[in-house]
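This report concerns only the one structure given below.
The values are calculated or read from the model by the stated rules, or taken from the named source; none is laboratory data. Every value quoted in this text rests on a predicted model; they were computed, and no experiment measured them. Please note: Cβ atoms are built from the backbone with ideal geometry, for glycine as well, and neighbour counts cover all protein chains shown. All accessible areas refer to the heavy atoms of the entire protein, side chains included, with ligands and DNA or RNA removed. Shrake-Rupley method; radii C 1.70, N 1.55, O 1.52, S 1.80 Å.
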4 protein chains.
Amino acid sequence: MARSRVNRQQDEESSAVERYLGQVLQHCGEDTSGHLARDLPAPGSTDPALHALALATSDGDEYGAGDDDQLFTLQSISKPLVYALAIDDVGLDRINRVVGQEPSGEAFNELSLEGGTGRPLNPMINAGAIVIHQLLDDHGYGPEQGGPQDSSRTENTRRRTARLLEGLSAFAGRRLQVDWELAEAGYRQDYRNLAIANMLKTHQVLAFDPQEAVRGYSDQCSVLVTVQDIARMAATLANNGLHPQTGQRVVSEHAARQTLSVMATCGMYDGSGRWLAQIGIPAKSGVSGGIMGVLPGRLGLASFAPRLDEEGNSVQGVEMFQRLSRDLGLHLMASERRAVTETLEDLPQQNV
Amino acid sequence: MARSRVNRQQDEESSAVERYLGQVLQHCGEDTSGHLARDLPAPGSTDPALHALALATSDGDEYGAGDDDQLFTLQSISKPLVYALAIDDVGLDRINRVVGQEPSGEAFNELSLEGGTGRPLNPMINAGAIVIHQLLDDHGYGPEQGGPQDSSRTENTRRRTARLLEGLSAFAGRRLQVDWELAEAGYRQDYRNLAIANMLKTHQVLAFDPQEAVRGYSDQCSVLVTVQDIARMAATLANNGLHPQTGQRVVSEHAARQTLSVMATCGMYDGSGRWLAQIGIPAKSGVSGGIMGVLPGRLGLASFAPRLDEEGNSVQGVEMFQRLSRDLGLHLMASERRAVTETLEDLPQQNV
Amino acid sequence: MARSRVNRQQDEESSAVERYLGQVLQHCGEDTSGHLARDLPAPGSTDPALHALALATSDGDEYGAGDDDQLFTLQSISKPLVYALAIDDVGLDRINRVVGQEPSGEAFNELSLEGGTGRPLNPMINAGAIVIHQLLDDHGYGPEQGGPQDSSRTENTRRRTARLLEGLSAFAGRRLQVDWELAEAGYRQDYRNLAIANMLKTHQVLAFDPQEAVRGYSDQCSVLVTVQDIARMAATLANNGLHPQTGQRVVSEHAARQTLSVMATCGMYDGSGRWLAQIGIPAKSGVSGGIMGVLPGRLGLASFAPRLDEEGNSVQGVEMFQRLSRDLGLHLMASERRAVTETLEDLPQQNV
Amino acid sequence: MARSRVNRQQDEESSAVERYLGQVLQHCGEDTSGHLARDLPAPGSTDPALHALALATSDGDEYGAGDDDQLFTLQSISKPLVYALAIDDVGLDRINRVVGQEPSGEAFNELSLEGGTGRPLNPMINAGAIVIHQLLDDHGYGPEQGGPQDSSRTENTRRRTARLLEGLSAFAGRRLQVDWELAEAGYRQDYRNLAIANMLKTHQVLAFDPQEAVRGYSDQCSVLVTVQDIARMAATLANNGLHPQTGQRVVSEHAARQTLSVMATCGMYDGSGRWLAQIGIPAKSGVSGGIMGVLPGRLGLASFAPRLDEEGNSVQGVEMFQRLSRDLGLHLMASERRAVTETLEDLPQQNV
């Protein structure tokens, strides 16, 4: 965690914050319940001892603890990020015609498609994310920028992967890579997403070929990141789409706001209501063990620990978010909103 | 709108704000679409020409425009308020055992009870509100404080009505009344709520008699308020449960935060996701034509206009909230949060 | 079982048939699994040792074994019988407008009302039976024929009860009685049916008052019968509505055929498909422990044994029907249909 | 319709019966409502003027009228036939573990999979038929018997197609062919069945590859038949699995009975209850315009007319079945069951 980085606080305050994060990490690390994701032979996701925590402010500061340079795959955390990119690419009106923005409620209806129209209920479930993926505007991207040429990837797939890699890299503030081998292997047994994509095709909410959609979405899920990357991505959303460190406008203010709203109501699947009430931080988790949280106007948070609970969320990650929300007063519905810097300045004096 | 009130701004700024509210009211009043609620012969709800708007800050200022002293019935706007009271009365753990906190998603399952347990999915739907009503702790309240003695109201009903009248009055900062006649008449034909209450009883999530529950809930819905009352109630939630004008702690910070979270994800029924994305203000509407909105730490908003859209929300009310959110930058997910006073100070200069 | 009866076979063949039925009864009686119905303090339904079997042919013969003169309440077995009466009273077209004729499939939707219209899916579920009950044409019946005058029974209720008592008595070929005390007690705690009736009222498929509907339906369920009665009722349906012994036309051929069809597809709730495949006899069971089966053109069957399985069907009753179907070749889909008399004549020679 | 055939009645009676069928055909042919199946460029299914009717008794007689030598594709009519074959191939117990036998009720859940297990609710819906197809025992069949070798058909597919072609040909009493080109073309755009097969795979109720399953099922649907073939297939089921003309035991009595039961409760999708009540003949329709009906112990019926109603059933076919059921007294629940020969003998005297 002692890498140099843009704007990294090297002074005493920084040490204090990272010491606090380390304490949270250690405390929550004692819970060894949960299980590793089945069928995910991905970097980081097979070693239950790994764990990391990172925080990036909308002012450009960042802090990390634990295995914060460990790469793992983005998985569902990609959903809100690509949703934001697509809003700018094709406009929210066009997106709303094919993907809703309502929580899916009970999970009994496995596909969560709206009755009648077949629209996925929101972009945070797989059905919605697959449609969003195909909406990305890949004009101006060459297939050669989108990874290796193999039988299962069409030119369209490669161009779209090139487009989303650029966008996700801008969110992270550094050039990201895809685990191509994992993407290819994952796709072949992804019966559930193939079922979803084919069903979407019958409802005409998917423009192109269903297999191509799943193949491309597999690339999207296999982008490699660290918790530091995710914290910066989250901070960019917190900062209305403007990267706090690079200064790049990654997505529009409008796209950032829409994305955070949908994360708040739909980000944690069937447990979205409970999460917002208990923790109060719009968030999205991934099956690889990561969680991304955004407090608008203030900061981005990221945790990583691969053991999952029954709902597929990182056991230690959920605990770390609970702890941080409480300690740092990060609840979205709290009436008092101290500047993050003030909160963090107090930390060294706190009895954590 | 020229009544004296605690902390009412009588100066130039106040005039400017109220002028702005009046302009919004007038502009949105031009939309005469929608229909009056069927079978609601209640004060305020039968005259389509009525409309009002009010804003109360968490600092204790308040502003109004239009028919802001018109009484109308609270209806579903009572749900979040009584939920907050019940959290303090019996504790969130006990409540969570019988009422969930998740959006109900699709409306196909008319009762929105959780499969297996029969728990209502959240306290913002009728099923949840009926259970919450019966959980109120009425110890220390006499039946004589709870309105007239008639055949359909048991002693329990009257005691619970006494308890909620006290709580709702504290939220408003003044003593509220019930339209007893309406409450009695409404109850008799409330087949839908009788169906719900009886079904809840079969699942053993309702402690007492189903008819008694519906009768009591009818009192709760028939509490008479003005938009000014609702704006103050909302400002109390925005101010973490402390009344900005009376200084009374109406509900705990914990209860206020939980309530606002549930309003954010479940407050506008099936359209909760869209509402949060577009308008960004946790809110609750009532069939009498009112809408209550809360921006945590900042302000409470209330609109009243009795013509409803297909989803049962006030047509003009929805438009007024859209306008206010955009003009005043009130979106919960906006990164920049100016103090309300600054925002309001700018208003006179704005070209509204 | 040695009571005199119309057309009772007193000869050798009769003895042989009743000996066979006795053997089936004894054999199946060894299964003491299952549980008594909760909250049903009704005649016959509280003694797990009771059991009986009866068979009546469409030619007018009848045979019994075990406690075949034990009275018990009709419960859901009344549903197809009253459906048939209502078809003749008001016509199938009018009935189809408010009650469907399709199986309800999965039980997740607790009310099994058709989306949009609120029509109960079929008359074999409670929702459907409650609507059918209120459709009965009670003109020409005086309240004084419909049982005691007490506070919960309106004049309408009593007239309708008079009408259905006449119809059910015609089916049985003798004057039946209601257990008035049970009917009154059952109604008071029947939260589920009150929920259903109120929900039906919101959809305007119920003409009169919901409470009145449940109260009347409680009378219908509390009619007292023996297995012999049910076997004769079933034989009347098997004989296209003409009573095989009294010669009375109880219902029209059209009503009998429609009723048997609906019993075949919907009679055994969620297990209707399995029942028809395995046993092949259109049937209806009641929570008091009875099962009525009809083989069109051939015979009526009735079993009684109060211990129920998880689905609410009599454990021993299901076994007896399986045994009889196999031994006597009673499957509706069997290509060979021997006359019942031939089949029964063979019995003495069979090694049962 | 003047081809020589086994056991064909060439006498006066035969002429009278065929004259009657011709009258029914002509009468019902006047209804030109409905639409041709979309995306089905199959033999017979693109010419709205075609129509035919056939009847085969369980005694071996057969009669036809109209275009009764027109080939068309079997489509969903294959479902009950292949279900019967699979029961004998692997046993009903094994089948019941992966495919239910209950009606699917409302169509809102597009896949009609049982909650929890993912079992298709019955073998008459696509999900169930796809699972049944893969259960066929293809031992002893070489791929060379199963049609052309092309890229989308695995060896398994070809062996299974060989097995079902043998079975279906035995039902028909003549060697049937597949429209290979149609089978291949249909498969490529069959997004719905690909969705279903992939979803089944996630629930582990499908043994082999999802694409292979859909490809094989496409062969099954593309078997070419005439109404005469279907009438003989139906007569074989009516005659407990024994072919009335060839004398071959095509399926066991047990398999025939189980299949007819499932046709009775599930054969006509959401309208199965209404069909059984109105027409009283267990049946299965196909999107190519055919309907197969079976009256156990008596006869098989087949109609063909390609214009479909909203539910996908042949408009004229439904009318012809209504007419035949009424004229010939074919309702399964009728108490009187005259021998078919008697019924048919009366026809010449009837005023049709």
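Specify the residue with the greatest mean-square fluctuation among A:16, A:334, A:234, computed from a Gaussian network of chain A linking alpha-carbon atoms under 10 Å apart.
A:334
At residue D:97, with labels set 7 Å past Cα in the Cβ direction, how many nm apart are the copies from this one, shortest first?
4.1, 4.9, 5.2
Which percent of the accessible heavy-atom area of the protein assembly as shown goes to carbon and sulfur, probe 1.4 angstrom?
Working: 21630 of 48800 Å².
Ligands and nucleic acids excluded, carbon and sulfur give 44 percent.
Could you name the lysines in cross-link range of residue B:201, using Cα to Cα under 19 Å and dropping any fewer than eight places away on the same chain?
Cross-link targets: C:201.
How much mean residue ellipticity at 222 nm does the protein assembly as shown get from its helices, if each DSSP H run of length 4 or more adds -39500 (n - 2.57) and you divide by all residues, to the nearest 500 deg cm²/dmol?
Using -39500 (n - 2.57) per qualifying helix, the result is -13500 deg cm²/dmol.
If we hang a label 7 Å off Cα along the beta carbon direction at residue B:246, how far is it from the matching labels on the other copies, in nm, shortest first?
5.4, 7.1, 8.9
Determine which lysines satisfy two conditions relative to residue C:284: a Cα distance under 20 Å, and not lying fewer than 8 residues away in the same chain.
List returned: C:79.
Regarding region D:175-305, what's the average projected area of the Cα-atom convex hull, expressed in nm²?
With every direction weighted equally, the projected area is 9.2 nm².
When the Cα centres of region A:51-87 and region B:223-238 are compared, how far apart do they sit, in Å?
Each part's Cα centre sits 40 Å from the other's.
Can you list the residues of region B:267-315 whose accessible area drops by at least 30 Å² going from the chain on its own to the full set of protein chains, with a 1.4 Å probe?
Output list: B:273, B:274, B:276, B:277, B:296.
Could you report the buried accessible area between A and B, both sides summed, computed with a 1.4 Å probe and given in Å² to the nearest 100? Present the calculation step by step, with values, prior to reporting the outcome.
Working: alone 14260 and 14250 Å², together 25690 Å².
Its buried surface, counting both partners, is about 2800 Å².
Output the 0 to 90 degree angle, nearest 10, between the alpha-carbon long axis of helix C:12-28 and the longest principal axis computed from the alpha carbons of chain C.
70
Against the longest principal axis of chain D, how steep is helix D:227-238, in degrees 0 to 90 to the nearest 10, with axes from Cα atoms?
Result, in degrees: 80.
Quick one: which residues, 5 or more positions from residue D:299 or on another chain, have an amide H under 5 Å from its amide H? H modelled 1.01 Å from N in the peptide plane, none for Pro or chain starts.
D:58
Take chain A, connect every pair of alpha-carbon atoms lying under 10 Å apart with a spring to form a Gaussian network, then pick out the residue of A:202, A:161, A:57 with the largest mean-square fluctuation.
For chain A, modelled as a Gaussian network with Cα springs under 10 Å, the answer is A:202.
Quick one: Karplus J couplings for region A:241-255, per residue in order, coefficients 6.51, -1.76, 1.60, θ = phi - 60°, nearest Hz, x for Gly and Pro?
Running phi through 6.51 cos²θ - 1.76 cosθ + 1.60 with θ = phi - 60° gives x, 9, 5, x, 9, 7, x, 6, 7, 7, 9, 6, 4, 4, 5 Hz.
Any chance you could check region A:190-208 for residues losing 50 Å² or more of accessible area when the partner protein chains are in, compared with the chain on its own (1.4 Å probe)?
A:191, A:195, A:198, A:199
By Cβ position, which chain A residue lies least far from the axis that rotates chain A onto chain D, and what is the distance to the nearest whole angstrom?
A:195, 2
Percentage of Cα-Cα pair distances in region D:12-119 greater than 20 Å, rounded to whole percent?
64
Quote the charge dipole size of region C:10-64 about the Cα centre in Debye, to the nearest 20; the model charges only the Cβ of Lys and Arg (+1) and of Asp and Glu (-1).
Values: 2 positive and 11 negative charges, 78 e Å.
The dipole of region C:10-64 has a size of about 380 debye.
For region D:209-276, which semi-axes, largest first and in whole Å, follow from the square roots of 5 times the eigenvalues of its Cα gyration tensor?
They are 22, 19, 13 Å, listed from largest to smallest.
Each residue of region A:314-327 in order: what ³J(HN,Hα) in whole Hz does its phi give by Karplus 6.51 cos²θ - 1.76 cosθ + 1.60, θ = phi - 60°, with x for Gly and Pro?
4, 4, 5, x, 4, 5, 5, 5, 4, 4, 5, 4, 6, 5
In 10 Å bins starting at 0, how do the alpha-carbon pair distances of the protein assembly as shown split up by percent?
Pairs per bin, as whole percents: 2, 8, 14, 17, 17, 16, 13, 8, 4, 1, 0, 0.
Kirkwood hydrodynamic radius of region B:89-190 from all distinct Cα pairs, in Å?
On the way: mean 1/r = 0.0655 Å⁻¹.
By the Kirkwood definition, the hydrodynamic radius is 15.3 Å.
If I take the Cα coordinates of region B:154-237 and project them onto the principal axes, what are the three extents in Å, biggest first?
39, 25, 23
Once Lys and Arg get +1 and Asp and Glu get -1 on their Cβ, which of C:120, C:171, C:74 lies farthest toward the positive end of the dipole of region C:59-189?
Highest projection toward the positive end goes to C:120.
So how tilted is helix D:126-135 from the main axis of chain D? Cα-based, degrees 0 to 90, rounded to 10.
Computed tilt is about 70 degrees.
How far apart, in nm, are the 7 Å Cα→Cβ label points at residue B:96 and residue A:144?
Modelled inter-label distance: 5.7 nm.
Using a Gaussian network for chain A with springs between C-alpha atoms less than 10 Å apart, which of these wobbles most: A:171, A:72, A:208?
Checking each option, the largest mean-square fluctuation is seen for A:208.
With just the Cα atoms of chain A, tell me how far they stretch along each of the three principal axes, in Å, largest first.
59, 41, 38
Which value, in debye to the nearest 20, describes the size of the charge dipole of the protein assembly as shown about its Cα centre when Lys and Arg Cβ atoms bear +1, Asp and Glu Cβ atoms bear -1, and nothing else is charged? Intermediate values should be presented prior to the final figure.
Numbers: 124 positive and 184 negative charges, 1 e Å.
Its charge dipole is roughly 0 debye.
Could you state the principal axis extents of the C-alpha atoms in region D:47-98, from the largest down, to the nearest angstrom?
43, 31, 12
Using the heavy atoms of the protein chains and a 1.4 angstrom probe, tell me the accessible area per residue for the protein assembly as shown in square angstrom.
35
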